[in-house]
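These notes are about the structure you will find just below.
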Amino acid sequence: MKPGSLGRYIVVRLLLAIPMVLILLTLVFLLLRAIPGDPVTATLGGRATPAQIEAAREAMGLNDPLIVQYLEYMGGALTGDFGTPVTDPRGVVEIVAETAPATIELALAGMLVAVTVGILVGGLAGRLRDTPFDIGGRLFGIIIFAAPVFWTGLLAQLFFAVKLGWLPSSGRAGGFDQPEWITGFYVLDSLLTWDMAALESTLEHLILPAVTLGLLVGGIFIRLVRVNMMQTLRSDYVEAARARGLRERNVLYRYGFKTALIPIVTIMGLQFALLLGNAVLTERTFNWPGLAQALVDFIGQRDYAAVQGIVTFIALVIVGVSLLIDIITGLVDPRVRY
């Protein structure tokens, strides 16, 4: 393949993703073993004799050498077999299948909020440089990025759910308005079954956590779009377009706005990882039954199998999204292929 070709660029990105996943899996394995305690003592505690605890540890392979445990873990990760958690009768794959759609749906909705806020506020702030709107937009971006996500969520619950009563404060859908389970993505399932009551309930429950999560990343996008918009509008080709007599609206959209959005696409993969990380606090705050909340519960129980499986899935999602963003960036901006 020729240097600079899209095919070569994709192959290189795929090859780089392999060591990234292996490093993430290794870090998860080592960090879990570094935490005091293990799933046997966390589960049985004082309810079992030392002999029973030792027998359980032996059955789970916790007495095996660390390298043996690591090889078994990597073998299971490569085959998709993470076993059954100690604290849950369901298999790890089943737990991920049941809870991951909720977290991914929340993260996608949060990303939509972040991109919308970032483009609108950042684009206008860059166009109206040093005006009151620009100053207000910059302050708004700093505040929403600096504010802890759980604090923003609690304020949103207090104001919009408790005081005004406009939106529900927690949960994913009303008890009698849950859509028929098809994909696990409630919005999509509601549309597939054409259940408008379920769709309305799902969107009402999704608004507060999605806005809370999205505003965090929206602050980053506001600053990035603003800076790129200002730089683009001062570039030579924009001045040349104006000199040719093009309408200002066309100049802003065709030459300024589109070019300023390229960096947004570039960092969306990293920001999606940030969204998944902050989904832990968001799901806790809004009692959202997602993968992140399940992960926190299993970490507290020192359940190695469940934590390893969930973190592996999250790592694969992040790597997959980053790879997709890299490919889109290569299509939008051919310069990155070289």
Using the Cα centre of the chain as the reference point, and only Cβ charges (+1 on K/R, -1 on D/E), how large is the resulting charge dipole? Debye, rounded to the nearest 20. 1980
Put a dot 7 Å past each Cα toward the Cβ at LEU331 and VAL227; how far apart are the dots in nm? 2.7
Rounded to the nearest 10, the angle in degrees between the Cα long axis of helix 132-146 and the longest principal axis of the Cα atoms of the chain comes to 10
Measuring from the longest principal axis of the C-alpha atoms of the chain, the long axis of helix 262-286 (C-alpha) lies at a number of degrees, nearest 10, equal to 40
Ranking VAL227, ILE299, SER322 by how far each Cα lies towards the positive end of the charge dipole of the chain (+1 on Lys and Arg Cβ, -1 on Asp and Glu Cβ), the top one is VAL227
Overall form of segment 95-300 per C-alpha gyration tensor (a/c, 1.5; a/b vs b/c): prolate
Nitroxide proxy distance, nm - points 7 Å out along Cα→Cβ at ILE262 and GLU204: 4.6
If I fit a long axis through the Cα atoms of helix 291-300 and take the longest principal axis of the Cα atoms of the chain, what angle between them do I get, 0 to 90°, rounded to 10? 40
The extension gain from ALA51 to GLU239, computed as 0.36 nm times the residue separation minus the Cα-Cα distance, is 59.7 nm
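Read-outs throughout are calculated quantities, based only on the coordinates presented, and are distinct from any laboratory measurement. Remember, predicted model here, so these are calculated numbers, not experimental data. Here Cβ is always computed from backbone atoms with ideal geometry, including for glycine, and neighbour counts include all displayed protein chains.
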